[in-house]
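Reading through the structure tokens given below for one structure.
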Amino acid sequence: MPSVGPEAPGGNLEETVCRVCGRDDGTLLWDGYGAPQYVICDCCGIESGLGDDHLSKVRETRGYWVAAGARWDVPGRRPKDWDLLGQLSRIPTEWR
Ligand SMILES: [Zn+2]
């Protein structure tokens, strides 16, 4: 795939997968220009642009969240067959 700069129309930097927990409900968290949408994750509770803008912060936040039992910020959104490890495995490589 050719690389497209962040300045390209539409960009290619869109992210719907939470950098901290790997949850993806299709909500745009970072737009195509690499700008955060300040959306709070139903799962880990971090807000895109605030809790996930640096790899060290993402890793630290994830560590605390998992260590505290990986509780859902909005428990009602948790699927009955939720698979923590499966979800974590979907975290984009650059945010692991
Ligand atoms: Zn999350």
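The values are calculated or read from the model by the stated rules, or taken from the named source; none is laboratory data. None of the values given here were measured: they were computed from a predicted structure. When we count neighbours, we look across all protein chains shown, and the Cβ atoms used for this are built from the backbone with ideal geometry, even at glycine.
Summary of values
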{"read-out": "In the stretch 25-44, the residues that are buried (at least 17 other Cβ atoms within 10 Å of the Cβ) and under 15 Å from Gln87 (Cα atoms)", "value": "Cys41, Asp42, Cys43, Cys44"}
{"read-out": "Pair list, Cβ under 9 Å, 6 or more apart: the stretch 1-30 residue more than 24 Å from Leu88 (Cβ to Cβ) and of a type in the set (Asp, Glu), other residue part of a loop (DSSP other than H, G, I, E, B) and modelled with pLDDT of 55 or more", "value": "Glu7/Tyr33"}
